[in-house]
Amino acid sequence: MAGLKNPKQVLCVGDMVADIFSSPLARLPEPGELVLCDRIAVFPGGNALNTAIALRRLGENVAVAGSIGDDDLGRLLLSQMQTQGLDVRGVRREPGGRTASTFILRAEGEDRRFIHSLGVAADFSGEHVSPELIPENGIMLVGGYLKLGAWDDNVLADLMREARRRNCKVVLNICIARDSGVDPQRCLLLLKHVDVFIPNEDEARILTGKTNPALQAKALNNAGAQIVVITRGGEGLFAGDGHRIVEMGIFKVNVVDPSGCGDCFAAGLLAGLLRGWDTVRTLEFASAVGALGATALGCTDGVPSFTEVEHFLQENRIKISVNP
């Protein structure tokens, strides 16, 4: 049955962040002003770690690899990862280092505002990630790439090649940070090692110089990615594999916090890949997980169990177009 726990394992490599959220504010404070909110909470965050936790909520076996500091936030983050049931053998505690952290603020009717400190993530090269963590016949997700400017592309390419040797699919989810000084085009050289590439529409435009999603997907397929999934926010998604195009709308849910929708989407996509589903079914499931991730404060607390996502899909429909 589809809802049974999958024995295959996922390795999520990349950014690990302590996210500090406030519940939605009626308005942002003026300079020197105090505004009350219902809740302030610290959650595990970062593209790689968010995806790992969302996958655990779906019932998958997940290992993580990345760097945290040996400060109080690092100890809290490690404890939260262990509580979630993640395999943390690949987590490196950097002596004297500060854990990456983000403040997330949102006023009603406005988009979120992010204030981020990279901490030890600024020096993460990937060199300490052991190839032995890569599962046989599973999936390796690389998350937060390009945001982590010190990542060594040669090291990453070696990990991707090792994943292929182990019959492990490679999924690349990038994050282009404004004014980071990192050349986004460098990731194009990695796409020949990538099974599924997940940029958002702005990232796809930056990488290809094109505004049309069909042309963006074609260019990224030509660069080597087997499947390209371009997420488009409220417009849904556009996916192409060089032969077939899938366009999909969005599910309507009660949005509390959309901060982790993209990472929850990635988790749903990985869950479908693990089960060998076709592209349409996989993307529909991923879209449902992404939407449900927005129904609670934090990036992943809205994600329910695998069975509950299936029930949601039975009761909700989404617009899907497949060509040819």
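The values are calculated or read from the model by the stated rules, or taken from the named source; none is laboratory data. Small disclaimer: the values here were computed from a predicted structure and weren't measured. Here the Cβ positions follow ideal geometry from the backbone for every residue, glycine too, while neighbour counts run over all protein chains shown. Side chains are part of the model used for accessible areas, which takes the heavy atoms of the whole protein and leaves out ligands, DNA and RNA. Shrake-Rupley method; radii C 1.70, N 1.55, O 1.52, S 1.80 Å.
Points worth noting:
- Cβ separations smaller than 6 Å between residues 6+ apart or across chains give the following pairs from the range 85-99 residues that are among the aliphatic types (A, V, I, L, M) and outside any loop (DSSP other than H, G, I, E, B) to residues that are at pLDDT 95 or above and buried (at least 19 other Cβ atoms within 10 Å of the Cβ): VAL88/MET81.
- Meets criteria (at pLDDT below 90 and of a type outside the set (Asp, Glu)) for ASN6: yes
- Filter result for ASN173 (farther than 27 Å from ARG93 by Cβ and either at pLDDT 95 or above or open to solvent by less than 10 Å² (accessible area, probe 1.4 Å) (or both)): no
- Annotation note: Cβ proximity below 6 Å between a residue of the range 151-168 that is closer than 13 Å to HIS128 by Cβ and open to solvent by less than 10 Å² (accessible area, probe 1.4 Å) and a residue that is of a type in the set (A, V, I, L, M, F, W, C) and not in a helix (DSSP H, G or I) (sequence gap 6+ or interchain) occurs for no pair.
- Annotation note: Cβ proximity below 7 Å between a residue of the range 180-194 that is in contact (Cβ under 8 Å) with a residue 40 or more places away in the chain and a residue that is in a loop (DSSP other than H, G, I, E, B) (sequence gap 6+ or interchain) occurs for CYS187/LEU146.
- Taking the listed residues VAL280, VAL256, VAL246, the one that is at pLDDT below 95 and either more than 15 Å from the chain's Cα centre (by Cα) or buried (at least 22 other Cβ atoms within 10 Å of the Cβ) (or both) is VAL256, with no other qualifying.
Here's the yes/no breakdown for (1) within 30 Å of LEU156 (Cβ to Cβ); (2) in contact with a strand residue (DSSP E or B) (Cβ under 8 Å, 6 or more places away or on another chain); (3) outside any helix (DSSP H, G or I):
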| site | (1), (2), (3) |
| --- | --- |
| ASP19 | yes, yes, yes |
| LEU28 | no, yes, yes |
| GLU33 | no, no, yes |
| ALA48 | yes, yes, no |
| LEU55 | yes, yes, no |
| GLY59 | yes, no, yes |
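- Residue within the range 113-122 that is in a loop (DSSP other than H, G, I, E, B) and either touching a residue at least 60 places away in the same chain (Cβ under 8 Å) or touching a Pro at 6+ places or on another chain (Cβ under 9 Å) (or both) present: no
- Flag for VAL42 being among the β-branched types (Val, Ile, Thr) and buried (at least 18 other Cβ atoms within 10 Å of the Cβ): no
- Unique residue being polar (S, T, N, Q), touching a residue at least 40 places away in the same chain (Cβ under 8 Å) and crowded, with 23+ Cβ neighbours inside 10 Å when the list is ASN61, ASN47: ASN47
- Residues in the range 270-299 that are among the aliphatic types (A, V, I, L, M) and more than 15 Å from ILE250 (Cβ to Cβ): LEU270, ALA271, LEU273, LEU274, VAL280, ALA296, LEU297.
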